[in-house]
Amino acid sequence: MNGDITIAHAASLVRVTDGKRPRAGRAQGELDIVADGALAIRGGVIVAVGDSQEVLRAYGDDAPVLDASGKTVLPGLVECHSHPIFAGNRHWEYVRRLEGADGRAIRAEGGGIWSTIVKTRQAGDDELLRNVARAFEQIAAGGVTTLEVKSGYGLDTPGELRLLRLLRQAAAHTPMDIVCTFLGAHIAPQDGRSAAEYVAVVKNEMLPAVLAQGIAQSQDISCENGDFSAAQARELIDTSASLGLPVRIHADASSDSRGWRTAVEGGALSADHLTYTPDAEINGVGATTTVAVLLPVAEQFYLDAKKANARLFIKNNVPVAVATDYCSSFQATSLPLTMALACSWFRLTPAEAIVGATLNAAYALGKSHDRGSLDVGKRGDVTIFDCEHPGQLATAIGAPLVDVSLSRGRVVWKAGK
């Protein structure tokens, strides 16, 4: 297939039209649904969207026609937060959490992120590539067409460069579009170096090396109590900005770390987690273009006592995205299931969750210029679900509704194959 295809007769064609900014407030819940909708993709780019009769009249050429009768057509799903390259498995930690152990106790028993870093450093390239390939295959089965992937389990310059190199190598073997993020400041090291010493290494050694390598499209930084303070995170944000590398922030995942304010004031593309962001801080910061990326599966897995206040973010005209947080702790691969859980967990409407996994997720990655909505001129990235209305994505919880997904008009994943 050369990227030429027409999709016609969709029961619901969900445009999520891009107004040149992430959707926030009331607009987050607007989907721009076209009944009996169609779109034409030529050369991998959307050239027409609208009523099926009109689109077929204008583009009734020799391109194949995909009949989407009875189905829902969405912009290609954008998974904007994942950590898929690591070795080892920490499944036993979940059992300990269920038994009442906290993170400190689990680390004392040999668990936590540092244990993954040790195992990842010890693993061979072939093992890591097999793990990534398996993750990519499972994530693609959830209709994802763009996938963000982070390093972060190296925690030294050679290790981080290695993980980014392997991610680029793996990206050549999946039809999903892979967006790489450098996460050198993932956690404070547990090898005798202080957080301040490690921040200096990230600034002066890692960032220049990562830029010279040319793989990472952004830097992610943890602004978390016990890892890197708001001041240290801001130091890294400013350095990254001076080098022209956009930033994203892990913020307020386990406590109030002033991460949300730090991210917004630093001009970050997104702040992710936000479980413990205080209501007063959300209200005080107010409307933003920084995207709040919320992770409902992570909050349920970690048995947090709090939830990110999604409704307050939306009330304050903050754009919200949703993501799986696939990582070494838990391997959540289904973005559609995550969208459904975002509704039950955060009280998002189905429309708000859909915008959160398409247009707003694209903005969180700095990729909204060519994906995230079904607009003429954007990439032909499409996910088709076997249901008549997008609202069913919230009620058919866990059902295998993905029928086919396309990237630039070419098949990424198809049911039954």
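The values are calculated or read from the model by the stated rules, or taken from the named source; none is laboratory data. Keep in mind the model is a prediction, meaning the values are calculated, not measured. Neighbour counts run over all protein chains shown; Cβ positions are idealised from the backbone, glycine included. Each accessible area value is taken on the protein alone, full model and side chains, heavy atoms only, with ligands, DNA and RNA left out. Shrake-Rupley method; radii C 1.70, N 1.55, O 1.52, S 1.80 Å.
Among the strands (runs of 3 or more DSSP E) contained in the stretch 6-82, which hold 1 or more residues that are over 22 Å from L294 (Cβ atoms) and of a type outside the set (K, R)?
12-14, 37-42, 45-51, 65-67, 72-75
Across the stretch 88-102, what is the number of residues that are of a type in the set (F, W, Y) and closer than 16 Å to Q300 by Cβ?
Narrowing the stretch 88-102 to residues of a type in the set (F, W, Y): 92, 94.
Filter once more, so that each one left must be closer than 16 Å to Q300 by Cβ: 94.
Total satisfying the criteria: 1.
For the stretch 370-417, how many residues are basic (K, R), part of a loop (DSSP other than H, G, I, E, B) and either in contact with a Leu (Cβ under 8 Å, 6 or more places away or on another chain) or surrounded by fewer than 16 Cβ atoms within 10 Å (Cβ to Cβ) (or both)?
Total meeting the criteria: 1.
Right, F228: within 28 Å of R130 (Cα to Cα), among the aromatic types (F, W, Y) and in contact (Cβ under 8 Å) with a residue 24 or more places away in the chain or not?
Criteria not met by F228.
Look at A298 and say whether it is open to solvent by less than 10 Å² (accessible area, probe 1.4 Å) and in a strand (DSSP E or B).
No.
From R379, R408, R371, which residue is more than 26 Å from A24 (Cα to Cα), of a type in the set (K, R) and touching a residue at least 24 places away in the same chain (Cβ under 8 Å)? Quick ask: steps written out before the conclusion?
Numbers: R379 fails: more than 26 Å from A24 (Cα to Cα); R371 fails: more than 26 Å from A24 (Cα to Cα).
Exactly one of R379, R408, R371 is more than 26 Å from A24 (Cα to Cα), of a type in the set (K, R) and touching a residue at least 24 places away in the same chain (Cβ under 8 Å), namely R408.
Output the qualifying pairs, or none if there are none: Cβ atoms under 6 angstrom, residues six or more apart or on different chains, first residue in the stretch 6-31 and open to solvent by less than 30 Å² (accessible area, probe 1.4 Å), second residue among the charged types (D, E, K, R) and modelled with pLDDT of 95 or more.
Hits for this filter: A10/K71; D18/D375; Q28/E352.
In the stretch 252-260, is there at least one residue being of a type in the set (S, T, Y), closer than 22 Å to C80 by Cβ and surrounded by 21 or more Cβ atoms within 10 Å (Cβ to Cβ)?
Looking for residues that are of a type in the set (S, T, Y), closer than 22 Å to C80 by Cβ and surrounded by 21 or more Cβ atoms within 10 Å (Cβ to Cβ), one finds at least one in the stretch 252-260, hence yes.
On the basis of being within 23 Å of L274 (Cβ to Cβ), surrounded by 24 or more Cβ atoms within 10 Å (Cβ to Cβ) and not β-branched (V, I, T), does Y153 make the cut? It would help to see each step written out before you state the result.
Values: within 23 Å of L274 (Cβ to Cβ): yes; surrounded by 24 or more Cβ atoms within 10 Å (Cβ to Cβ): yes; not β-branched (V, I, T): yes.
Yes; evaluated as a whole, the condition is true for this residue.
Would you call R96 open to solvent by 10 Å² or more (accessible area, probe 1.4 Å), touching a residue at least 12 places away in the same chain (Cβ under 8 Å) and within 22 Å of the chain's Cα centre (by Cα)?
On the way: open to solvent by 10 Å² or more (accessible area, probe 1.4 Å): yes; touching a residue at least 12 places away in the same chain (Cβ under 8 Å): yes; within 22 Å of the chain's Cα centre (by Cα): no.
Considered against the rule, which asks whether it is open to solvent by 10 Å² or more (accessible area, probe 1.4 Å), touching a residue at least 12 places away in the same chain (Cβ under 8 Å) and within 22 Å of the chain's Cα centre (by Cα), R96 comes out as no.
When residues of the stretch 301-340 are filtered for being open to solvent by 20 Å² or more (accessible area, probe 1.4 Å) and assigned to a helix (DSSP H, G or I), how many remain?
Number of matching residues: 6.
Might you check whether a residue that is in a strand (DSSP E or B), touching a residue at least 24 places away in the same chain (Cβ under 8 Å) and surrounded by 16 or more Cβ atoms within 10 Å (Cβ to Cβ) occurs anywhere in the stretch 189-212?
No, because not a single residue in the stretch 189-212 is in a strand (DSSP E or B), touching a residue at least 24 places away in the same chain (Cβ under 8 Å) and surrounded by 16 or more Cβ atoms within 10 Å (Cβ to Cβ).
Could you tell me how many of the residues in the stretch 245-293 are of a type outside the set (S, T, Y), touching a helix residue (DSSP H, G or I) at 6+ places or on another chain (Cβ under 6 Å) and in a strand (DSSP E or B)?
Residues flagged as of a type outside the set (S, T, Y), touching a helix residue (DSSP H, G or I) at 6+ places or on another chain (Cβ under 6 Å) and in a strand (DSSP E or B) within the stretch 245-293 amount to 7.
Name the pairs: first residue in the stretch 163-175 and over 11 Å from R130 (Cα atoms), second residue open to solvent by 70 Å² or more (accessible area, probe 1.4 Å) and assigned to a helix (DSSP H, G or I), Cβ to Cβ under 8 Å, at least 6 apart or on different chains?
T174/E137
Sort out which residues of the stretch 50-93 are open to solvent by 30 Å² or more (accessible area, probe 1.4 Å) and under 30 Å from G124 (Cβ atoms), and write them in order of number.
G88, N89, H91, W92 - these are the residues of the stretch 50-93 that are open to solvent by 30 Å² or more (accessible area, probe 1.4 Å) and under 30 Å from G124 (Cβ atoms).
As an exercise: evaluate C223 against (1) touching a Ser or Thr at 6+ places or on another chain (Cβ under 7 Å); (2) surrounded by fewer than 24 Cβ atoms within 10 Å (Cβ to Cβ) and give the number of the one condition it does not meet.
All conditions are met except number (2).
Residues in the stretch 138-146: is at least one surrounded by fewer than 17 Cβ atoms within 10 Å (Cβ to Cβ) and without any contact (Cβ under 8 Å) to a residue 24 or more places away in the chain?
no
Residue by residue, here is whether (1) open to solvent by 50 Å² or more (accessible area, probe 1.4 Å); (2) touching a residue at least 24 places away in the same chain (Cβ under 8 Å) holds:
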site: A35; (1), (2): yes, yes
site: G103; (1), (2): no, yes
site: G111; (1), (2): no, no
site: V118; (1), (2): yes, no
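Do you know which residues across the stretch 264-289 are open to solvent by less than 10 Å² (accessible area, probe 1.4 Å) and either among the aromatic types (F, W, Y) or on the phi < 0 side of the Ramachandran plot (or both)?
A268, S270, A271, D272, T275, T277, I282
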